[in-house]
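Engineer: Structure below; questions to follow.
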Amino acid sequence: MISDLIITPLKIIDVPGGNVLHALKNKDLGFNGFGEAYFSEVELMQIKAWKRHRKMTLNLIVPIGEIRFIVFDDRTADNCVSQEITLSRQNYCRLTIPPMVWVGFQGRSKTTSMLLNIADLSHDPNEVDRKDVNQIALDWST
């Protein structure tokens, strides 16, 4: 397991006319304040990798489709660790990623998947590091 990475099961409440999908409350583990929330579409088999925020905490939720996440922690050079999780309605959870941890993700649904990020800081392009998908050697083919 990656230190400070949190996987929180979320509730889906069956309501006539359409379900209610919980996301994040201000008393939840992983909530560090509110900076911004945004949606990102992810197409089938498309990979968006790699990104690491230096200060921002991410709270990632997949209300539509299925997305495979690979999280890579190189904060201690002698003990690099990766962890994989797939989020969807069938595994409806919130993935909280702390600062200084790399994340990449891949669409796994036949239709476009939807990712919600509830971040504790507003976007700042000077706060994020990026690497090309091949710069961290992990297998995206499975």
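The values are calculated or read from the model by the stated rules, or taken from the named source; none is laboratory data. Keep in mind that this is a model prediction, so the values were computed, not measured. Neighbour counts are summed over all protein chains in view; Cβ atoms, including those assigned to glycine, are modelled from backbone coordinates with ideal geometry. Note: accessible area is taken over every heavy atom of the protein model, side chains too, but ligands, DNA and RNA are not part of it. Shrake-Rupley method; radii C 1.70, N 1.55, O 1.52, S 1.80 Å.
Engineer: What residue, of GLU66, GLU41, GLU84, is in contact (Cβ under 8 Å) with a residue 60 or more places away in the chain and among the acidic types (Asp, Glu)?
Structural biologist: GLU41
Conditions (1) more than 12 Å from the chain's Cα centre (by Cα); (2) open to solvent by 70 Å² or more (accessible area, probe 1.4 Å), marked per residue:
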position	(1), (2)
LYS25	yes, yes
SER40	no, no
GLN46	yes, yes
ARG52	no, no
MET56	yes, no
ILE61	no, no
ILE85	no, no
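Engineer: Those residues that are of a type in the set (Phe, Trp, Tyr), modelled with pLDDT under 95 and not in a loop (DSSP other than H, G, I, E, B), I need them from the stretch 95-142; list them, please.
Structural biologist: Within the stretch 95-142, no residue meets the criteria.
Engineer: Checking ILE7 against (1) β-branched (Val, Ile, Thr); (2) more than 21 Å from ILE136 (Cβ to Cβ); (3) surrounded by 14 or more Cβ atoms within 10 Å (Cβ to Cβ), which single condition isn't satisfied?
Structural biologist: With respect to (1) β-branched (Val, Ile, Thr); (2) more than 21 Å from ILE136 (Cβ to Cβ); (3) surrounded by 14 or more Cβ atoms within 10 Å (Cβ to Cβ), ILE7 is out only on (2).
Engineer: Taking the criterion of being under 15 Å from SER3 (Cβ atoms) and more than 12 Å from the chain's Cα centre (by Cα), would at least one residue in the stretch 119-135 satisfy it?
Structural biologist: no
Engineer: Here's another thing I want to ask about it. Filter the stretch 108-129 down to residues that are more than 30 Å from ASN26 (Cβ to Cβ) and not polar (S, T, N, Q), then give me how many there are.
Structural biologist: The number of residues fulfilling the criteria is 2.
Engineer: Looking at GLY33, GLY17, which is the one that is surrounded by fewer than 16 Cβ atoms within 10 Å (Cβ to Cβ), on the phi > 0 side of the Ramachandran plot and touching a residue at least 24 places away in the same chain (Cβ under 8 Å)?
Structural biologist: The match here is GLY33.
Engineer: Quick one: how many residues across the stretch 104-123 are exposed (fewer than 14 other Cβ atoms within 10 Å of the Cβ) and either among the polar types (S, T, N, Q) or free of Cβ contacts under 8 Å to residues at least 40 places away in the same chain (or both)?
Structural biologist: Qualifying residue count for the region: 3.
Engineer: Okay, moving on. Answer yes or no as to whether SER88 is more than 22 Å from GLU127 (Cα to Cα) and polar (S, T, N, Q).
Structural biologist: yes
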